Amino acid sequence: MWTHGCALLDGAEPRRHRTFPHNCLYATVSTHYRVRHRAILQRDMETLFYFRTPSPVGSLFLAASAKGLVRLEFEARMQKLNADTIQMRESKAALAPYLCELNDYFAGERREFSLPLDLRGTGFQLACWRALLEIPYGETRSYRDIAQAIGHPHAYRAVGMSNNRNPIAIVVPCHRVIASSGSLCGYGGGLDIKRKLLDLEQASVRPCLPLGIGA
């Protein structure tokens with residue numbers, strides 16, 4: 001668009017100034033800013049590799065960082081990841097070592113997991129989860145036992161809440177924690193799955209009776 005300037009002097013030709021639509025200029029600057037801002041964010045964001053897999057206890061979601069396993073969750077009950085700081089990339093190859101150990105576990109051929117973990121939580125949560133890792137395969141502990149193990153004997157309810165937020169099921173065995181009465185109590189994956197996991201482990205450690213000769 002062309003516009004005339006102020007009053008003309010001595011018959012001079014009108015000066016012409018070219019103006020640009022404000023919305024066009026704003027859109028150009030805004031688009032450039034968004035692209036640059038997105039590039040900066042992507043450069044600073046952490047990448048987690050993930051994979052979903054079927055299992056004897058339902059569909060599982062696994063995610064790992066460069067440091068180790070970050071998530072192993074039942075897909076029906078997944079905790080949110082921060083999309084502002086984490087970008088996800090599907091990769092079966094990156095999760096293959098974890099999948100292999102899980103296969104061994106469900107086949108009753110593995111009692112301990114050897115791959116690194118990248119646990120993330122509050123100091124209290126980390127203490128609870130590390131205490132869970134000390135529960136032997138095929139055994140159980142009460143919430144009170146865990147509270148005493150981390151030096152907070154009266155915090156068994158908080159221990160229960162931390163178990164509920166455990167981001168790495170099965171490997172960090174919150175399924176091995178039961179009520180003082182012996183009842184299964186709660187479990188994020190559901191009590192049926194908790195029972196299946198406990199039955200799997202107890203069946204694997206149950207001593208086999210020797211067969212008689214000729215039996």
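The values are calculated or read from the model by the stated rules, or taken from the named source; none is laboratory data. The structure displayed is predicted, hence computed values, not measured ones. Ideal geometry is used to build each Cβ from the backbone, glycine not excepted, and the neighbour counts take in all protein chains shown.
Quick notes on this structure:
- Checking every residue in the range 183-191 against the condition of being more than 15 Å from the chain's Cα centre (by Cα), in a loop (DSSP other than H, G, I, E, B) and crowded, with 19+ Cβ neighbours inside 10 Å gives at least one match.
- Of everything in the range 152-165 that is in contact with a Phe, Trp or Tyr (Cβ under 6 Å, 6 or more places away or on another chain) and of a type outside the set (Gly, Ala, Ser), the residue that is farthest from Arg77 (Cα to Cα) is Tyr156.
- All told, Pro56 meets the bar of being touching a residue at least 40 places away in the same chain (Cβ under 8 Å), over 19 Å from Arg165 (Cα atoms) and either in a strand (DSSP E or B) or not hydroxyl-bearing (Ser, Thr, Tyr) (or both).
- Summed over the range 138-174, the residues that are under 17 Å from the mean Cα position of the chain (by Cα) and without any contact (Cβ under 8 Å) to a residue 24 or more places away in the chain give a count of 1.
- Subset of the range 51-100 [surrounded by fewer than 18 Cβ atoms within 10 Å (Cβ to Cβ), at pLDDT 95 or above and among the acidic types (Asp, Glu)]: Glu90
- One residue stands out among those in the range 120-144 that are under 24 Å from Glu201 (Cα atoms) and among the aromatic types (Phe, Trp, Tyr): the one that is surrounded by the most Cβ atoms within 10 Å (Cβ to Cβ), which is Trp129.
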